[in-house]
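Heads up, the thing below is written out as structure tokens.
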Amino acid sequence: DTGVSQDPRHKITKRGQNVTFRCDPISEHNRLYWYRQTLGQGPEFLTYFQNEAQLEKSRLLSDRFSAERPKGSFSTLEIQRTEQGDSAMYLCASSLGVTGSGSEAFFGQGTRLTVV
Amino acid sequence: AQKITQTQPGMFVQEKEAVTLDCTYDTSDPSYGLFWYKQPSSGEMIFLIYQGSYDQQNATEGRYSLNFQKARKSANLVISASQLGDSAMYFCAMRVIQGAQKLVFGQGTRLTINP
């Protein structure tokens, strides 16, 4: 396993359309995170899965956003009725879930969404 | 709530010089971890170094070291002998060792290494 994989790398969509992103974490990692990064800012936490259970969601995650992680493997993030403010880099990260230096989060290369 | 502050939007350094990137943090939790990530133009966040709140010694990883001053709530990254490939965005992040263990990031510092 070479790391966290995200697909697509880039997505351009028209306002009002739905989009779905996929994240494949490192295979043995039980924790999976979604972050959003806008231009010039650091990543902001969106949501967190431990195995298949979605345990925490940020207030940034409006009703138009939904995330799933069926069977505790890959995860999808869907945005319905996209708005121009949704334009950002969406980053996925996974970790082993044990605290300490060995459990740093490994990030994918992100999906850059542009809403026109 | 946790907060990370990086006060240097940009830094310019000559190749082979050492550089210090500043990071201060705020939390009321006694147990936390501090991270530095590098983000090149490709977008991927690359883990550099970690410091636990109870670690007695400053963390080091190759050319990277973390100057951890707990009383001052600072966790500066020191890069020794900078290289052209070090040019990137650098983010300081904190993780509370509870619950989701999500990372809270600062706004980043853009480091440019000049030849």
Exercise. Could you bin all the Cα-Cα distances of the stretch A:1-100 into 10 Å bins starting at 0 and give me the percent of pairs in each, rounded to whole numbers?
Key: 15, 50, 29, 5, 0
Quiz item: Taking trypsin sites (Lys or Arg not before Pro) that fall in a DSSP loop and have at most 16 other Cβ atoms within 10 Å as cut points, what is the longest piece of chain A between them?
Solution: A:16-58
Quiz item: If ligands, DNA and RNA are left out, what is the accessible area of A:Leu60 with a 1.4 Å probe, given in Å² to the nearest 10?
Solution: 60 Å²
Quiz item: Of all the accessible heavy-atom surface of chain B, with the other protein chains kept in place and a 1.4 Å probe, what percent is carbon and sulfur?
Solution: 48 percent
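For the stretch B:26-88, state the average projected area of the convex hull of the C-alpha atoms over all orientations, rounded to one decimal in nm².
Averaging across all directions leaves 5.0 nm² for the Cα convex hull.
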Self-check item: Probe 1.4 Å, all protein chains present, accessible-area order of A:His29, A:His10, largest first
Solution: A:His10, A:His29
Quiz item: Exactly which GluC sites (Glu not before Pro) in the stretch A:9-116 are in a DSSP loop and have at most 10 other Cβ atoms within 10 Å?
Solution: A:Glu28
Practice problem: For a label point 7 Å from the Cα of B:Ile46 along Cα→C-beta, name the residues of the stretch B:75-96 whose backbone N is under 16 Å from it. | Solution: B:78-92
Quiz item: Per 5 Å bin from zero, what fraction in whole % of the C-alpha pairs of the protein assembly as shown is there, up to the bin with the longest pair?
Solution: 1, 7, 15, 18, 19, 16, 12, 7, 4, 1, 0
Quiz item: Say each of B:Gln69 and A:Ile12 gets a label point 7 Å from the Cα, pointing the same way as Cα to Cβ; how far apart are those two points in nm?
Solution: 4.8 nm
Exercise. Please go through the stretch B:4-71 and write out the GluC sites (Glu not before Pro) that DSSP classes as loop and that have at most 15 other C-beta atoms within 10 Å.
Key: B:Glu15, B:Glu17
Quiz item: So for A:Thr20, B:Thr27, what's the accessible-area order with a 1.4 Å probe, most first?
Solution: A:Thr20, B:Thr27
Quiz item: What figure in square angstrom, to the nearest 10, would you give for the accessible area of B:Asp86 with a 1.4 Å probe?
Solution: 0 Å²
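The values are calculated or read from the model by the stated rules, or taken from the named source; none is laboratory data. These numbers were taken from a predicted model, which means no experiment stands behind them. Positions of Cβ are generated from backbone atoms using ideal geometry, with glycine treated the same way; all protein chains shown enter the neighbour counts. Note: accessible area is taken over every heavy atom of the protein model, side chains too, but ligands, DNA and RNA are not part of it. Shrake-Rupley method; radii C 1.70, N 1.55, O 1.52, S 1.80 Å.
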